[in-house]
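Beneath this line is the structure, given in structure tokens, with notes to follow.
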Ligand SMILES: O=P(O)(O)OC[C@H]1O[C@](O)(COP(=O)(O)O)[C@@H](O)[C@@H]1O
Ligand SMILES: [Mn+2]
């Protein structure tokens, strides 16, 4: 090793004892049990449901409470205490309202602080003291540490602890301490979070999910097709931009664009008012809770049409300039007979309904009108200059990737494109054939390149981001074609079908999954593939655990729009030192419901895998990097301090 590097390191570890201490510390960590990984996917803007899953650690908080108190407490007491950990502020308000006598309230505080400390201690057994310290509320670190590391056998100290707790109460700090401890517990039950794609679209609050993730202690993201659409818009792709606005209009979420990201939609509205009328195919989906006036509904319907038509036009020059995409069959606006209002698809003619082609020149259907061009320029400029979106997109780039190999598992939102016979499907890109891991790597390369050059709008890298959203060989999409146009304008449902890549059938087989794990240099004996993207239809008996446990699909539908299809409200996965557990969540109503009724959304656990012995940090990704650090420190010891 370069001795200059060791000299530099010696500035930090400037005596033998410091090096030795660090080596001992790292070796101790290697022997601790592996931290708990938490996997979620397809959040689709459902901020409150996601918050709930984070706060209860997919049922992990309650498990820990049960481990400690199941002999002493009733189910009702367990639920009530769990609620306090999930939503401390709201639950404390409720308790204060219900307990009128100050003495009784103080007694409740004293007991509750005791229980909270016990649970914190229990949840932190897997961590070093220094790591636990980082998770404690800063203003209470000293006090909590005194309480956490007490040794009860010295009875003379018992009085000291009681005094500390009573003093906290008399100083009026009990609520704050309980709240701080609740958040500490939430943080301790999960060591690391994986988001397996699709944070954006359909639901109302993707920006708030992003803020939560940006403040989370440890997280990585595997991009979903909806996420890359937003990244594409920020990177300068007009067609991605048109798509995100179209989806926001469709789900009555234009305030995400306008209010949360500060994009002015007036120019688009003016254009929409001029050319479009009411149209049943473009009315927004409105959830029961939303109050929308008739006038507003009409405006959104018009915007929806205006931006959809811009999108369809924008797709055409990309398809023409990128023969690698092999998407000629999607040049739909050229297949329309505008006089008859019909379209010819695969040799069959279909009548078109609910059309809105006022801005189309049948001779040159892909041409944008001057007004459309101007609107688009303005939208793109504001999207690319939104400070908040910029921060969030950069975070997605920093923490995200197309796939991730983590502790022996392969995490990927969609699929690995395959042929019917199970072999890897090739895609030719600029003269070279790619498949499997190499294909995903080249996709990621283009996505990052596009983001690095936001002023380029029509280059191949930027076009490729759109391909990732909708292309047949995209590992994020993995369907033959996206039939958005057909869904709006053709009544025959047969044309709406989106044929899935053979991967989605073949992933039921253990052999397929083993082969894919091998393709990514992972051990097929140990590894699993973890997917999101396709809602598991539990309602029709579909099992999220496939291929003899090698494949786990965790998209159960956080998205309300998909819950009637799946029958539940989402799956999450926990991987702790004992193995993997899949958790099925029932529909989340509201936090008020949880706080008031003390009923948690039921979580059913299924054992995916059980480690024969408890897994330690040394067997994980982090363990490997700790071992590397130890090796360097040993070299430093030899080089600098051995002969003194
Ligand atoms: O549910 P909607 O709004 O009709 O959208 C349907 C479209 O969404 C997609 O399912 C993609 O989104 P997902 O990644 O969430 O599945 C397309 O395949 C399909 O055309
Ligand atoms: Mn998806």
If residue 14 meets every condition in (1) outside any helix (DSSP H, G or I); (2) buried (at least 19 other Cβ atoms within 10 Å of the Cβ) apart from one, which number is that one? (2)
For segment 282-296, which positions are within 30 Å of the chain's Cα centre (by Cα) and surrounded by fewer than 22 Cβ atoms within 10 Å (Cβ to Cβ)? 283, 284, 285, 286, 287, 288, 289, 290, 291, 292
Might you check whether a residue that is surrounded by fewer than 16 Cβ atoms within 10 Å (Cβ to Cβ), at pLDDT 90 or above and closer than 30 Å to residue 218 by Cα occurs anywhere in segment 106-118? yes
Can you give me the number of residues within segment 510-542 that are within 25 Å of residue 51 (Cα to Cα) and part of a loop (DSSP other than H, G, I, E, B)? 6
Which listed residue, of 391, 340, is under 34 Å from the mean Cα position of the chain (by Cα) and surrounded by fewer than 20 Cβ atoms within 10 Å (Cβ to Cβ): 391
Restricting the search to segment 312-336, which residues are without any contact (Cβ under 8 Å) to a residue 12 or more places away in the chain and more than 19 Å from residue 469 (Cβ to Cβ)? 335
In segment 163-174, the residues that are surrounded by 11 or more Cβ atoms within 10 Å (Cβ to Cβ) and either within 15 Å of residue 139 (Cβ to Cβ) or out of contact with any helix residue (DSSP H, G or I) (no Cβ under 8 Å at 6 or more places or on another chain) (or both): 164, 167, 168, 173, 174
The number of residues in segment 423-463 that are farther than 26 Å from residue 513 by Cβ, without any contact (Cβ under 8 Å) to a residue 40 or more places away in the chain and touching a strand residue (DSSP E or B) at 6+ places or on another chain (Cβ under 9 Å) is 1
Show me the helices (runs of 4 or more DSSP H) found entirely inside segment 20-136 where at least 2 residues are farther than 23 Å from residue 607 by Cα. 47-55, 75-86, 88-98, 102-123, 129-135
Considering segment 245-256 alone, what residues qualify as being crowded, with 24+ Cβ neighbours inside 10 Å and free of Cβ contacts under 8 Å to residues at least 60 places away in the same chain? 248, 249
Examine segment 521-528 for a residue that is within 14 Å of ligand 1 (Cβ to nearest atom) and either at pLDDT 95 or above or assigned by TED's automatic domain parsing to the domain that holds residue 330 (or both), and state whether such a residue exists. no
Mind telling me which of the residues 196, 228, 219 ends up being touching a strand residue (DSSP E or B) at 6+ places or on another chain (Cβ under 8 Å), assigned by TED's automatic domain parsing to the domain that holds residue 464 and under 21 Å from residue 41 (Cα atoms)? 219
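Listed here are the residues, each with its yes/no results for (1) over 21 Å from residue 189 (Cα atoms); (2) within 16 Å of ligand 2 (Cβ to nearest atom).
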position	(1), (2)
22	yes, no
25	yes, no
29	no, no
40	no, yes
57	no, no
64	no, no
71	yes, no
75	no, no
For the structure I just gave you, tell me whether residue 284 is out of contact with any strand residue (DSSP E or B) (no Cβ under 9 Å at 6 or more places or on another chain) and assigned to a helix (DSSP H, G or I). no
Can you name the strands (runs of 3 or more DSSP E) wholly within segment 543-644 that have at least 2 residues being over 17 Å from residue 35 (Cα atoms), touching a helix residue (DSSP H, G or I) at 6+ places or on another chain (Cβ under 9 Å) and modelled with pLDDT under 75? 603-610
Among 204, 272, 235, 182, which is the only one that is surrounded by 20 or more Cβ atoms within 10 Å (Cβ to Cβ) and closer than 22 Å to residue 487 by Cα? 272
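The values are calculated or read from the model by the stated rules, or taken from the named source; none is laboratory data. Keep in mind that what you see is a predicted model, and the values were worked out from it rather than measured. Glycine also receives a Cβ, built like all others from the backbone with ideal geometry; neighbour counts cover every protein chain displayed.
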